[in-house]
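Student: Just dropping this structure here.
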Amino acid sequence: MEFVFPKRLGRLSYLVRAIPANAVMLWAVAAAETENGLTGDALLLCIAGLIVGVYAVFYVYLPRVRDAGMTAWSLILALIPYVSIAYGLVLLFRPSKLPMQSVRVEEPPRPPNIAGGECSECGKRLVLSSEGVVDDANKVVCNECHAGTI
């Protein structure tokens, strides 16, 4: 659900989301200004514009404001005509203030290299790592002695 309702938005994600949201809202405003009044399709388009507008404020502009390190009160500027265009451009070009979280990839633990060691049970010298195992007590045991304890 983080994709649909993000907490932070980078510049490119903001641009990809802001263009369609603004297009739908402008289309709804154009439908509301028709001479026939709000009936039928124009009413549905205005309702869709209102829903998209609420989504845009809370899940497009606000996450971008958080990511840019600005205060949420600056969203009031988005309500002022013509100032909202400049405000949208500021949000688009302002770099992120919060550092991106790095992804840690952990390697699986390596099996111990027991080649060259001796069996703790019989004293046999182990030439290859596949000739023995490490038991529960962290002792090197050859395969023959280990098979006898199972």
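Student: Name the residue that is farthest from the chain's Cα centre (by Cα), counting only residues in region 124-138 that are within 13 Å of N113 (Cα to Cα) and surrounded by 14 or more Cβ atoms within 10 Å (Cβ to Cβ).
Tutor: Only one residue tops the list, namely L126.
Student: If you go through region 4-45, how many residues are under 19 Å from A86 (Cα atoms) and among the hydroxyl-bearing types (S, T, Y)?
Tutor: Residues in region 4-45 being under 19 Å from A86 (Cα atoms) and among the hydroxyl-bearing types (S, T, Y): 2 in total.
Student: Of the residues that sit in region 105-129 and are of a type in the set (D, E, K, R) and at pLDDT 80 or above, which one is nearest to L75 (Cα to Cα)?
Tutor: E106
Student: Here's another thing I want to ask about it. Can you run down the residue pairs with Cβ atoms below 7 Å, 6 or more apart or on separate chains, where the first is in region 52-69 and among the acidic types (D, E) and the partner is surrounded by fewer than 18 Cβ atoms within 10 Å (Cβ to Cβ)?
Tutor: Note: pairs meeting the criteria are D67/R8; D67/G10; D67/S96; D67/L98.
Student: Does A147 satisfy the condition of being under 32 Å from the mean Cα position of the chain (by Cα), surrounded by fewer than 13 Cβ atoms within 10 Å (Cβ to Cβ) and part of a helix (DSSP H, G or I)?
Tutor: no
Student: Same structure again: Scan region 69-92 for residues that are farther than 16 Å from M25 by Cβ and assigned to a loop (DSSP other than H, G, I, E, B) and jot them down.
Tutor: Across region 69-92, the qualifying residues are G69, M70, T71.
Student: All but one of (1) assigned to a loop (DSSP other than H, G, I, E, B); (2) under 22 Å from F5 (Cα atoms) hold for V54; which doesn't?
Tutor: Failing condition for V54: (1).
Student: Could I ask something else about it? Would you mention how many residues in region 57-78 are within 17 Å of K7 (Cβ to Cβ), among the small types (G, A, S) and more than 20 Å from the chain's Cα centre (by Cα)?
Tutor: Qualifying residue count, region 57-78: 1.
Student: L128 fails exactly one of the following numbered conditions: (1) in the same structural domain as N22 (by TED's automatic domain parsing); (2) more than 30 Å from F5 (Cβ to Cβ). What is the number of that condition?
Tutor: (1)
Student: I've got another one for you. Within the bounds of region 14-24, is there any residue that is without any contact (Cβ under 8 Å) to a residue 40 or more places away in the chain and among the hydroxyl-bearing types (S, T, Y)?
Tutor: The answer is no, given that none of the residues of region 14-24 is without any contact (Cβ under 8 Å) to a residue 40 or more places away in the chain and among the hydroxyl-bearing types (S, T, Y).
Student: With the requirement that a residue be crowded, with 17+ Cβ neighbours inside 10 Å and within 11 Å of Y14 (Cβ to Cβ), what does region 67-94 give you?
Tutor: Correct list: D67, A68, G88, L91.
The values are calculated or read from the model by the stated rules, or taken from the named source; none is laboratory data. Bear in mind that the values here come from a model prediction, so they are computed numbers and not experimental data. Positions of Cβ are backbone-derived with ideal geometry, glycine not excepted, and every protein chain shown enters the neighbour counts.
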